[in-house]
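Shown next, in structure tokens, is the structure this report addresses.
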Amino acid sequence: MGQRTAQTEKALSVDELANRREWWSVAQKTRSKRLDYLRKGVWKKGAIGGNYAPGIKIDLTLPQLFTEKWQEQEGEPIMLQKAHAIAHVLDNIPIFITDRSQIMGYIGSAPHQIVWHWQGISMVNEEIYNEEGIIPEPEEESLEILATLNDYWGGRTAVDKLARILDPEDAVKFMSGAIGWGTPTSAATYSTKDFTYIFKGFEALLAEIEERMEETEQKLQGNPSPQLLPLYDKLPRWEAMQIVLEASIRYAKRYARLARTLAEHFESDPTRKEELLRIAETCERVPAKPPRNLQESLQFDHFVQVLARYETFEGAWPHRPDYVHGPYYDKDVNQEKRLTKEEALDLVGEHLIRTYEVGIFAPKWAREGLQGITGTWVWTMGGVKPDGSDACNDMTIAYMQAARLVRVSNPTFGFRWHPKVKDEVLRECFECIRHGLGYPSMRNDPVLVANTVHWYGHPVEEARTWVHQACMSPCPTTKYGCQPMRMASATANCAKMIEYALHDGYDPVVNMQMGPKTGDPRQFKDFEEFFGAWVKQMEWLRNILVRTVNLGRVKDPEFFGRPFLSAIYERAVETGTDACDPSNGERGNAWVTGFTWVENADSLAAIKKFVYDEKKYTMDQLMEALNANWVGYEEMRLDFVKNAPKWGNDDDYVDDLMVRCLREVSRHAKENKCPSNNNWPLLPENVSGNIHYANLVGALPNGRRLGDALYDGGISPGPGLDKKGPTAVLKSCGKFDHVTDGRAFLLNQRLSPTQLSGEKGYQLWKAYMKTWADLGLDHVQFNMVDDATLRAAQKDPEKYQEVIVRVAGYSAHFVDISRKTQDNIIQRTVQGLG
Amino acid sequence: MESGTLVTEIQRFAVNDGPGFRTNVFLKGCPLRCQWCHNPETIAPHREIYWKRRSCAQCGACLDACPNDAVNAPIHPFEARREESTYHKIIRDRCDLCLKCVDACQYGALEIVGTRLSVNEILDEVERDRPFYDNSGGGMTISGGEPTAHPEFVVQLIEGARSRGLHICLDTNGYCQWDILGPIVQSVDIVLYDLKHLDSVKHAEMVGVGNELVLDNLVKILGTGPEIWIRHPIVPDYSDSWGYHLSVAEFLDRLPGRIQRIDLLPFHNWCQDKYSWLGRDWPLKTTESMDPSIVELLVEAYQARGFAATTGGSGFEEFVVRGGH
């Protein structure tokens, strides 16, 4: 897009800017002064290309405060010890109020600082020494503090403790980095939160805890019996919950005091003074008591999210804020008219900004994977109420509108589409997509509710409360549905399934025997025998990951401890257990995240067709080419790339194999059990594992070489390999059942802004979405084919084979045509071809 | 029954050729020679070879494979890809289309244009997107080339589509005898009828023949049943003036039957590569693609008379007033 001066930008109207698709400028011109100030004033915490923005520093006050109190309380039960340490942090961490801000709370001492979590993995902690630029000045002093902290926590972190009890062979294979990633501990985690329970207010939760403790103490006075003995352990857990809840209330009141002091002694602007007094009133009220209005409910919510992240690294943000806050919006804006729509939009926009502001240190390899965001914070919108009626409300619309005004890359939204969604709400989703936000992703609610019931037996009313637990997986926000810990640490690098089937379980990249010996494929008599080997490797790969996570999960209360999360978990409060204790009634909602999944189907199809059906090549020849990483076999490789059937083209030959693979996995998913004795279905998605694993997956029969990026995710076809266009992709994806054949399936699609412009664009998208739903797909997210995409296609044509220039009666593949014509098309597209 | 006809492409997710999501079936062969033709590969009624210079590695495999000495020796790929390069791989007048070179090419640089397909093969492919048609009022668009150049085949194709319950658009230039066109149009849902120029002399200048037959057939089609959508290409300095479109609007208004909508299709030169792949020169190559916003203005000439009119022919336009006729 052309560079222009600020002056000419001003001269353009909002409509003109929209026609040029300069959405950031549109947002700048349409949002309030407050939102503009807050948006521009926020520190970007996501790392670009793995690097933090200049000025970002890690916060040393937080780990120091925590550790000094932790050491003082040494010897206490872990949850109690941690509660004391967290309370000490909350009482002493510096707090601040940003100008014009109305929502309080930050994790760390200053807005440019990010949390460095010290109690999870000492290996990660030590990465900090390699980090340039984010150690606070004076650097030498900071490094000394870090060294002291690392010396203490080394060997004491949750993962250090887990590593000691893992099966050594499993540990070595897991640590090879080849088969999966993840840390099976709540030191790097995320948790579902049930706001119907939390919004009772912390004082009510404290009263409930008090009651439980009194009741238990009375029981302990009764006749001694083995049944009484576990009660002794419950008392310190309840005490820990009390300590953090009380400290949380005090933390909020520190903001109230600061706001009041500012208002009374420093602020000269009467409007802001009034706002500060309202902030003070709000922070005195929540989280101690239930919220009464929108500002209080948003503030309560944000405090809870911040407090949870003082306790641990929560890398995702399962939430359904339109559902949680909708009633308060309705009361303030529609009924009592306490707020105008614009004022409400300011609060909602700030909610997005305050969330975007949260920063947590992650080692460089993880940052590279997250591409500019702190975590995968997918907020859930829309959907149905427990009774099945439409849950969309004015807050759903407000969030969509606010998202277009503040344009933050995190949080993003996932929209629960269902047949009763009103047109006005669907249009809001469409506008966000059209504005190039890349979200909301669209989720098929009826399919996913059925899926949630199918896999875990959640009652349907509970399944209907679902939120995105991380990027993709639904989880109910109910007493027994909430999932307290990241179970997706069973994240499988699925391309290894086919690779090990080809190499008798041996990993030619990391050079060790990984999977079982399933035989030399040169000796296999038919495709069935080959497929049998694939099944065995698939089972082995899932088993090793699931085993590790199960162990991590069951030991988590002993190795880590979560007093705050437990205090806001109804089942933990009721039973005096750690929220992560699987024995407290959790129904189970585990899944195996399947990275690099589609490579299996494409590789199996190539083998079946060329080696077994057509006998065009022998397995010997194929193995020779693969062992040479295709070097010296380019013609053969191109044959495998271009002429073997590829997933996503509505071609039954390969699509049937995909279905068969999924059904094998789903059978096995019911044989794997989580600590709650529930199933482990597969969820194909990639985050950015396709890049991470590029150097860890060897040559494959789909024509891929070691080092080539893997496909970009979930069940999306390989880039450039979906040659029949978007309808064929959807048709392929509709060939398996999105309820019973897996947990959820990520699908990326590109759409052209030209097609989506104007009313006709909305009608097109709506018809497309209706068909998507009819075909039973559970997910789709859209990237715009903008000029940046087309420029990328010019540079890297292989990856953009499917981009088609569509005008009436004509079509051509963009990458086929000459540079000059391409430039011409880019120019026309940007100007908005009709 | 004809065993099949030559098809250059079956394009799914077509969104600008009739209502909703459609699958376009491009038949090969056309009696007209419109100078702006953007599908030059559909003109000749026989198979052809594309040579895509960008994909060509200049490996020489085609040269070895050719029995007719109809392939030029490799030159440096960069040299061949230069914009101003006149190098072409195939020596067309020696080529007898044996296609051995296409088989030999590992890089997708040589491609066959034109596959012989039967009615059922086409319809099986078309039917794959039925769920999309159901939600958008879409279906099959028979296009070309010129469908009426394959009269028997097209009648069978339409009959087959009818029996499968598919919505059918026929995209025709109207240049054929009425006894051919009549039976074809009576069983389609919409005729996308090309109008290239109202003035017969100017028509002949750019298309090769006068427009009398085309206009005659247009009058005859009115009242036979299907909706008529006029498709008018807008070519710079030829059919892009306001005055001209006022006269077209008037002409259409006076027709003895209803025109459901008018799609103005701006000229573009994005097909120039197709000409180059066929080894043909294209005089309009250097004519700039039209800015659609200019065409937007012309739409008003039709709207003023109550017609529904578009730029680009989207299948998803929703008209508050659908024609006043």
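Just flag the chymotrypsin sites (Phe, Trp or Tyr not before Pro) in the stretch A:73-138 sitting in loop per DSSP whose Cβ has no more than 15 other Cβ atoms within 10 Å.
A:96
How big, on average over all directions, is the shadow cast by the Cα convex hull of the stretch A:581-740, in nm²?
10.7
Which order do peptides A:188-194, B:186-192, B:285-291 fall in by mean Cβ count within 10 Å, highest first?
Highest mean packing first, the order is A:188-194, B:186-192, B:285-291.
Near the amide H of residue A:683, under 5 Å away, which other amide H atoms are found, from residues 5 or more places off or on another chain, if H is placed in the peptide plane?
The list, which skips near neighbours in sequence, is A:592, A:593, A:594, A:743.
Return the ratio Rg/(2.2 N^0.38 Å) for the stretch A:428-542, where Rg is computed over Cα atoms only.
1.52
Among A:37, B:244, what is the fewest-to-most ranking by other Cβ atoms within 10 Å?
Result, fewest neighbours first: A:37, B:244.
Over 5 Å intervals from 0, what percent of Cα-Cα pairs in the stretch A:171-218 sits in each interval?
5, 15, 12, 11, 12, 12, 8, 5, 11, 8, 1
Using a 10 Å cut-off around each Cβ of peptide A:716-727, what is the average number of partner chain Cβ atoms that fall inside?
2
Per residue of A:757-766, what is the mean number of Cβ atoms on other protein chains within 10 angstrom of that residue's Cβ?
4
With label points built 7 Å along Cα→Cβ from the Cα atoms of residue A:229 and residue B:3, find their separation and express it in nm.
About 8.7 nm, to one decimal.
With n ≥ 4 as the cut-off for DSSP H runs, can you work out [θ] at 222 nm for chain B, using -39500 (n - 2.57) per run divided by the number of residues, rounded to the nearest 500?
Result for chain B: -8500 deg cm²/dmol, rounded to the nearest 500.
Using 0.36 nm per residue of separation minus the Cα-Cα distance, give me the extension gain between residue A:624 and residue A:171 in nm, one decimal.
Gain on stretching residue A:624 to residue A:171: 159.9 nm.
So in the protein assembly as shown, what percent of DSSP beta bridges are antiparallel if you round to the nearest 5?
35
Report the percentage of all Cα-Cα pairs in the stretch A:382-494 whose separation exceeds 26 Å, rounded to a whole percent.
23
For the stretch A:57-181, compute Rh as the Kirkwood radius over C-alpha pairs and then the Stokes-Einstein diffusion coefficient at 4 °C and 1.567 mPa s; write the answer in µm²/s, rounded to an integer.
Approximately 79 µm²/s, per Stokes-Einstein.
In nm, to one decimal, how far is the modelled label at residue A:819 from the one at residue A:794, with both set 7 Å along Cα→Cβ?
Taking the simple label geometry, residue A:819 and residue A:794 are separated by 0.9 nm.
Setting aside same-chain residues fewer than 8 positions from residue A:496, which aspartates and glutamates have a Cα under 13 Å from its Cα?
Correct list for residue A:496: A:504, A:507, A:539, A:599.
Taking the radius of gyration and the Kirkwood hydrodynamic radius from Cα positions alone, what is the Rg/Rh ratio for the stretch A:729-773, to two decimal places?
So for the stretch A:729-773, dividing Rg by the Kirkwood Rh gives 1.07.
Please report A:289, A:40 as a ranked list, fewest other C-beta atoms within 10 angstrom at the top and most at the bottom.
A:40, A:289
Do the alpha carbons of any pairs in A:609/A:670; A:724/B:100; A:555/A:673; A:517/A:616 sit beyond 22 Å of each other, and which pairs?
Beyond 22 Å between Cα atoms: A:609/A:670; A:724/B:100; A:517/A:616.
What residues have an amide H closer than 5 Å to that of residue A:783, excluding those fewer than 5 places away on the same chain, when H is modeled at 1.01 Å from N in the peptide plane?
Residues meeting the criterion, in which the H sits 1.01 Å from N, are A:749, A:750, A:751.
Give me Rg/Rg_expected for the stretch A:690-743, where Rg uses Cα atoms only and Rg_expected = 2.2 N^0.38 Å with N residues.
Compared with the compact-globule rule of thumb, the stretch A:690-743 sits at 1.33.
Return the distance in nm (one decimal) between the two label points of a simple spin-label model at residue A:92 and residue B:224, each offset 7 Å from Cα along Cα→Cβ.
It is 9.1 nm.
Test of understanding: ordering B:87, A:255, B:133 by Cβ neighbours within 10 Å, fewest first, what list do you get?
By the 10 Å Cβ count, ascending, the order reads B:87, A:255, B:133.
Could you calculate the contour length gain from residue A:269 to residue A:126, that is, 0.36 nm times the residue separation minus the distance between their Cα atoms, to one decimal place in nm?
46.8 nm
Given a Förster distance of 25 angstrom, what is the FRET efficiency for residue A:694 paired with residue B:103, based on the Cβ-Cβ distance and rounded to 0.05?
0.15
Determine which lysines satisfy two conditions relative to residue A:337: a Cα distance under 29 Å, and not lying fewer than 8 residues away in the same chain.
Result set, ordered by chain and number: A:29, A:33, A:200, A:253, A:273, A:289, A:385, A:420, A:422.
Going highest first, how would you order A:525-535, B:101-111 by mean Cβ packing within 10 Å?
Listed from highest to lowest mean packing, they are B:101-111, A:525-535.
Restricting attention to the alpha-carbon atoms of the stretch B:15-156, what are Rg (one decimal) and Dmax (integer), both in Å?
Taking only Cα atoms of the stretch B:15-156, I get Rg and Dmax of 18.4, 53 Å.
Give me the dipole magnitude in Debye, nearest 20, for chain B about the Cα centre, with unit charges on the beta carbon: positive for Lys and Arg, negative for Asp and Glu.
320
Output needed: percent of Cα pairs per 20 Å distance bin for chain B, bins running from 0 to the one holding the longest distance.
Once binned at 20 Å, the Cα pair distances of chain B give 30, 55, 15, 0.
Based on the Kirkwood radius over alpha-carbon pairs, what value in µm²/s does the Stokes-Einstein equation return for the translational diffusion coefficient of the stretch B:48-113 at 20 °C and 1.002 mPa s?
183
For the protein assembly as shown, what is the Kirkwood estimate of the hydrodynamic radius, computed as the reciprocal of the mean inverse distance between distinct Cα atoms, to one decimal in Å?
Evaluated over the protein assembly as shown, this radius sits at 32.6 Å.
All of the numbers you see were taken from the coordinates with simple rules; none came from a lab. If you're wondering where the values come from, they're calculated on a predicted model, not measured in any experiment. Cβ: placed from backbone, ideal geometry, glycine included. Neighbour counts: every protein chain shown.
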